[in-house]
Amino acid sequence: MCKSTLVALGFLLIVPVLGQKTPPHPAVPHFEDMAAQAGLSVAHISSPEKRYIVESMSGGVGLIDCDNDGKLDILTVNGSTVDRYRENGGDLMITLYHQDARLKFTDITKQAGLTRKGWGMGIAVADYDNDGLPDIYVTGYGGNALYRNLGNCKFEDVTEKAGVAGGAFSTGAAWADYDRDGYVDLFVSRYVHVDMSKLPAPGSDAKFCRYRGLLVQCGPWGMAGESDLLFHNRGDGTFEEVSKKAGVDDPDHYYGLGAVWGDYDNDGWPDLYVANDAGPNFLYHNRRDGTFEEEGLVQGIAVGVDGMQQGSMGVDWGDYDHDGRLDMMVTNFVNQSDTLYRNLGRQGFVDVTGTSHIAKTTYPYVGWGTAFSDMDNSGWLDIFVANGHVYPQVDSLPGEAHYRQPMLLFRNRRDGTFEEVSAAAGLTAMPLASRRGAAFGDISNDGCLDIVVLNVGEPPSLLLNHCQNGNHRVLFKLVGTQSNRLGIGARVTVNSGKLVQFSEVRSGGSYLSQNDLRLHFGLGAEAKMSVVAIAWPSGKTDTLHDIPADFIYTILEGKGIRDKSRISPLVDSEVPK
Amino acid sequence: MSSGPSRWIRRPEQLDILLLADTTTLGKRRQLGDLLRSRILSFCLIVLIVTRLAPGTTFAQTPNTWQTRAGYGAPETTPTAEQLFITGETALRNGDLNRAEQNFWRVLAIDPHSAGAYANLGVVYMRRKQWDQALRMLGKADRLAPAVVGIRLNIGLVYYRQNDFRSAIAPFESVLRDAPNSTQARYLLGLCYFFNERWTEAVEILLPLWGEQSLNMNYLYVLGIAAHKAARTEVDERALSRLAEIGQDTPEFHLLMGKAHLNNTEDDKALAEFALAAKGDSKLPFLHFNMGLAYLDKQDYEQAAQEFRQDIAVEPDVAFSYDKLGTVDALEEKDAEAEINFHQALRLDPHLVTSQLGLAKIYQKRGQNSEALSALDQVEKISPDNYTVHYLRGQVLQRMGQRQRAKAEFNTYTRMMNAARERRGRELSGDIPSPELTKEPE
């Protein structure tokens, strides 16, 4: 079946189901921070005072199965400080934790060869050379890194050879095969221009280095921004920087942060969304000829409801209302609310932040990592947000949100609105921290989506999701043959009972982070899926019928199911103490 | 006749009356407002006339200074420019604006270089709230008589009265440079800095007024907030302790304290102070308005709406209350109610941008595209620097299928927004309207 036919079929199959009678909500899933017990012990490096903007923006986390053993490994960026960067060129950009056994991790960074120093900001995973092994791209201040996976979690630094060093203050990274030639390409957003030899002193400018009367780090206001980059994959291990030619270079030099690909108009071609801090966000519509048209304003997804630019950080696409179209979640600076845009199709997007009930709760916080993710396997996407202020100095302000802030979970009420359930989920009982990136995936392979969160200046959190509520679920690992090997950009549509849902394989997203490349679907009470359709970037489609739930399936493009393993709940003895 | 500024300095109690006017009952407040506004205009005119005089002369000594060159030697049967000027001035004093306007234009027909005629026409248009025309006239007067500080003071007032505090800064600064003892210019400039969140400058400008104003609760409040924001702890504490000292347990004091907390986004503390104020005087003007703002900040829309309604019951003629009530209605998707309240706000203050924008968004949502475009046209007239107009207009045009026009609007939006980015604007800060604080000192 050709892609266009599938898309048309998708429209027939996917009808709005808001308001229809649905089963009662399952119990709120409960999260437990298992990082210390699991062995995630390396503290993110950051100066306590955050005197300069470069010290506030790191960074992201990532999930990768670096040895294809079926268990997710964890990546965290390490950050740095101005002093360490000046003296030693920074720190190791990332830490890689290998999952040796269920929820037992070991730091293998050095053995893995991930030894480039710098100032790590973000992470994106893709198989750029289609050798079946996931590679790692790391953004950072002063230069980025591409690590080619040699197998068994050994990596080779091919940054210079590939021509993707980037430079300047790179932040977001996201891979996608935008020209559908079978090789993934790489978008890199960049933030502000920072000259390490001429750093503006905190409070040195009355307008740009003050916050509510406090002397704080300067920027981003008042600082020059950087252009963005698009590296086209030549297929021979090298890349060509084509951002200007493709129309995604950001000539206005807005302050780029989170970036995520997604086919918002269901035309089978990946489009790109870029969050800009204190500026309008970009929605680059793929024109199918190697170029893009920026349509953020036209589509109503660039700014807030009043046309005011926001301080946007993290991003994610997801069809939270099951209308067959990707909606957008954007996290923002304090006193702006995070923004939920509902995709109306031809009529563009509408800001439904207020009516969806996420405005009030998110308003006092600085939002970063985020995702649409079905935390209770109900078949409906919930929303998670990691928060944390950029100025430690705000702790001295009465009434102001503090530097360390809580995480938020919004449960989908299946009527277009969300209910904040952070307390019931155990999130508010956790220690406060200034958090940044968050990555989502089934780390324990028990069918529940877990979360890794970067805590600035501290070790990460591993939020183990105890969601066993009897709901069924499924995970799909895709392997491309004509398409790129990890199936990035493929769309899986699942019919189960009356519910039709879809998701796409994405590299990059949230805040400078990498989610599980396997696609997770909650199925509620449905023990099987009547139809599973995989639309590959190559244009091919695979359609499967009557597939049992509660498995992790590996699907080979054009061949169907190649492998499956039953999802097994964690038993007590497997939970690290 | 004494000069305006010295008269102002000798009678500081009038400022107290003015600034406390907000805390009196509505009837009294209106009377005081009218009285003081009238005094201010008279004062401005007098300042203008007096400062127009050549150095060493006074108005009393040389009343004919306003006589125009063309007036000398004219036939007795034809009114001279001087006579026309005096007639216009008398009419202006008596509030006969049409007659005043007519006479000053006749002066200009005889002497196109009469700065006084232009200046007084500016005053005529100020009284009519024809701000653009007022600015044009005052601008011409200023070019003809650049040494006259009163003209620049009036130019500043034109901006100030339109709540364009940013544009008012330059003329007030200029007045203060030439007349450093002008308390009025200093106070107004301080308020302009305050409303532009230039906290440090606000403190620097307002602090020298302490001797005269330290019994004025509004002054202390503004100074305290600015000092807090500017991290001038000593001034902040001094202002607040004086405020507490003179405010005692009065409702007015609790209102200001609540507002101070509100500015610091301490909503619960603000509401606690407002409750104390309400205990003393539940009909205190602006009390329920500020309570509404606190609840709005807490996104308790139902309670916010209730407070704005109560404020309207106390003061039915304050546009801001309807504007905020409309905003709450719109947030709750009660578009019909929001529309009514925005219209009412605009009836009271046709220049209220937020109400026009609110209407535009409602019409846009309903698909009433021409109405939406019309509302946006109004916003653009009132506030030509408001780039969000172009975004919203672009969205409406896009929905109408007028893609080229929409694209042009989005381009304009981007260009203006980028320019505003250079100026930073108010993006990172809250926007708490303070209609009670914008009252002009005499």
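Within region A:168-212, can you find the residues that are of a type in the set (G, A, S) and crowded, with 22+ Cβ neighbours inside 10 Å?
The answer is A:S170, A:G172, A:A173, A:A174, A:A176, A:S189.
If you filter region A:275-293 down to residues that are in contact with an Asp or Glu (Cβ under 7 Å, 6 or more places away or on another chain) and assigned to a strand (DSSP E or B), you find that the one that is most open to solvent (accessible area, probe 1.4 Å) is A:H285. May I ask you to list the residues in region A:229-262 that are charged (D, E, K, R) and touching a helix residue (DSSP H, G or I) at 6+ places or on another chain (Cβ under 9 Å)? Within region A:229-262, A:D249, A:D250, A:D252 qualify.
Has region A:364-375 got any residue that is in contact (Cβ under 8 Å) with a residue 60 or more places away in the chain, farther than 30 Å from A:D550 by Cβ, in contact with a strand residue (DSSP E or B) (Cβ under 7 Å, 6 or more places away or on another chain) and within 14 Å of chain B (Cβ to nearest Cβ)? No, there is no match, as no residue in region A:364-375 is in contact (Cβ under 8 Å) with a residue 60 or more places away in the chain, farther than 30 Å from A:D550 by Cβ, in contact with a strand residue (DSSP E or B) (Cβ under 7 Å, 6 or more places away or on another chain) and within 14 Å of chain B (Cβ to nearest Cβ). Condition check: under 14 Å from the mean Cα position of the chain (by Cα) and assigned to a helix (DSSP H, G or I). Does B:N163 satisfy that? Spelling it out, it is not the case that B:N163 is under 14 Å from the mean Cα position of the chain (by Cα) and assigned to a helix (DSSP H, G or I).
Scanning region A:234-269 for residues that are crowded, with 24+ Cβ neighbours inside 10 Å and farther than 19 Å from A:G167 by Cβ returns A:G258, A:V260, A:W261, A:G262, A:Y264.
When A:A424 is tested against (1) closer than 29 Å to A:P48 by Cβ; (2) away from chain B (no Cβ under 14 Å); (3) over 22 Å from the mean Cα position of the chain (by Cα); (4) aliphatic (A, V, I, L, M), just one condition goes unmet, and that condition is (1).
Across region A:75-112, the number of residues qualifying as open to solvent by less than 40 Å² (accessible area, probe 1.4 Å), touching a Ser or Thr at 6+ places or on another chain (Cβ under 8 Å) and either part of a strand (DSSP E or B) or among the hydroxyl-bearing types (S, T, Y) (or both) comes to 13.
Scan A:Y363, A:Y391 and give me the residue that is surrounded by fewer than 21 Cβ atoms within 10 Å (Cβ to Cβ) and of a type in the set (S, T, Y).
Values: A:Y391 fails: surrounded by fewer than 21 Cβ atoms within 10 Å (Cβ to Cβ).
Only one candidate passes the filter, namely A:Y363.
Among the helices (runs of 4 or more DSSP H) confined to region B:302-411, the ones with at least 1 residues that are within 11 Å of chain A (Cβ to nearest Cβ), surrounded by fewer than 16 Cβ atoms within 10 Å (Cβ to Cβ) and of a type in the set (D, E, K, R) are located at B:353-366.
Looking at region A:330-338, is at least one residue open to solvent by 10 Å² or more (accessible area, probe 1.4 Å), over 26 Å from B:T388 (Cα atoms) and under 20 Å from the mean Cα position of the chain (by Cα)? No, region A:330-338 contains no residue that is open to solvent by 10 Å² or more (accessible area, probe 1.4 Å), over 26 Å from B:T388 (Cα atoms) and under 20 Å from the mean Cα position of the chain (by Cα).
Of the residues in region A:523-538, how many are over 25 Å from the mean Cα position of the chain (by Cα) and either farther than 15 Å from A:G497 by Cα or aromatic (F, W, Y) (or both)? First the steps, then the outcome.
Applying the first criterion (over 25 Å from the mean Cα position of the chain (by Cα)) to region A:523-538 yields A:525-531.
If we keep only those that are either farther than 15 Å from A:G497 by Cα or aromatic (F, W, Y) (or both) as well, we get none.
Number satisfying all stated conditions: 0.
Of all the criteria given as (1) open to solvent by 10 Å² or more (accessible area, probe 1.4 Å); (2) within 14 Å of chain B (Cβ to nearest Cβ), the one not satisfied by A:V216 is (1). For residues that are in a loop (DSSP other than H, G, I, E, B) and within 11 Å of chain B (Cβ to nearest Cβ), tally how many sit in region A:326-351. Number satisfying all stated conditions: 7.
Of all residues in region B:262-279, exactly one satisfies the criterion of being modelled with pLDDT of 85 or more and either in a loop (DSSP other than H, G, I, E, B) or facing chain A (nearest Cβ under 8 Å) (or both), namely B:K269.
Within region B:245-261, identify whether any single residue is surrounded by fewer than 19 Cβ atoms within 10 Å (Cβ to Cβ), hydrophobic (A, V, I, L, M, F, W, C) and not in a helix (DSSP H, G or I), and answer yes or no. Break it down into steps so the answer makes sense when it comes.
Looking only at region B:245-261, we keep the residues that are surrounded by fewer than 19 Cβ atoms within 10 Å (Cβ to Cβ), and these are B:245-246, B:248-250.
Now narrow it down to the ones that are hydrophobic (A, V, I, L, M, F, W, C): B:246.
Narrowing further to those that are not in a helix (DSSP H, G or I): none.
For region B:245-261, residues surrounded by fewer than 19 Cβ atoms within 10 Å (Cβ to Cβ), hydrophobic (A, V, I, L, M, F, W, C) and not in a helix (DSSP H, G or I): absent.
For A:T115, the criteria (1) open to solvent by less than 10 Å² (accessible area, probe 1.4 Å); (2) β-branched (V, I, T); (3) part of a loop (DSSP other than H, G, I, E, B) hold in every case but one, which is (1). Being open to solvent by 10 Å² or more (accessible area, probe 1.4 Å), of a type outside the set (K, R) and modelled with pLDDT of 95 or more is a property that A:L475 lacks.
The residues of region A:380-406 that are modelled with pLDDT of 95 or more, more than 17 Å from A:F333 (Cβ to Cβ) and either of a type in the set (S, T, N, Q) or out of contact with any Lys or Arg (no Cβ under 7 Å at 6 or more places or on another chain) (or both), listed by number, are A:L381, A:I383, A:F384.
Has region B:168-181 got any residue that is within 13 Å of the chain's Cα centre (by Cα) and not in a helix (DSSP H, G or I)? Explain how you work it out, then say what you get.
Taking region B:168-181 as the starting set, the residues that turn out to be within 13 Å of the chain's Cα centre (by Cα) are B:168-169.
Next, from what is left, pick out any that are not in a helix (DSSP H, G or I): none.
Within region B:168-181, not a single residue is within 13 Å of the chain's Cα centre (by Cα) and not in a helix (DSSP H, G or I).
Between A:W368, A:W317, the distinction of being in contact with a Ser or Thr (Cβ under 7 Å, 6 or more places away or on another chain) and of a type in the set (F, W, Y) belongs to A:W368 only.
Does region A:222-240 contain at least one residue that is touching a Cys at 6+ places or on another chain (Cβ under 9 Å), not in a strand (DSSP E or B) and not basic (K, R)? Yes - at least one qualifying residue is present in region A:222-240. Being under 20 Å from A:C448 (Cα atoms) and crowded, with 23+ Cβ neighbours inside 10 Å is a description that does not apply to A:F551. Look at region B:180-197: where a residue is modelled with pLDDT under 95 and acidic (D, E) and a partner is in a loop (DSSP other than H, G, I, E, B) and open to solvent by 10 Å² or more (accessible area, probe 1.4 Å), sitting 6+ places away or on another chain with Cβ atoms under 6 Å, you get B:E197/B:S429. When region A:188-211 is filtered for residues that are outside any loop (DSSP other than H, G, I, E, B), modelled with pLDDT of 85 or more and within 14 Å of chain B (Cβ to nearest Cβ), only A:V192 remains.
The values are calculated or read from the model by the stated rules, or taken from the named source; none is laboratory data. These figures come from a predicted structure and were not determined experimentally. Ideal geometry is used to build each Cβ from the backbone, glycine not excepted, and the neighbour counts take in all protein chains shown. These accessible areas exclude ligands, DNA and RNA; they are computed on the full protein's heavy atoms, side chains included. Shrake-Rupley method; radii C 1.70, N 1.55, O 1.52, S 1.80 Å.
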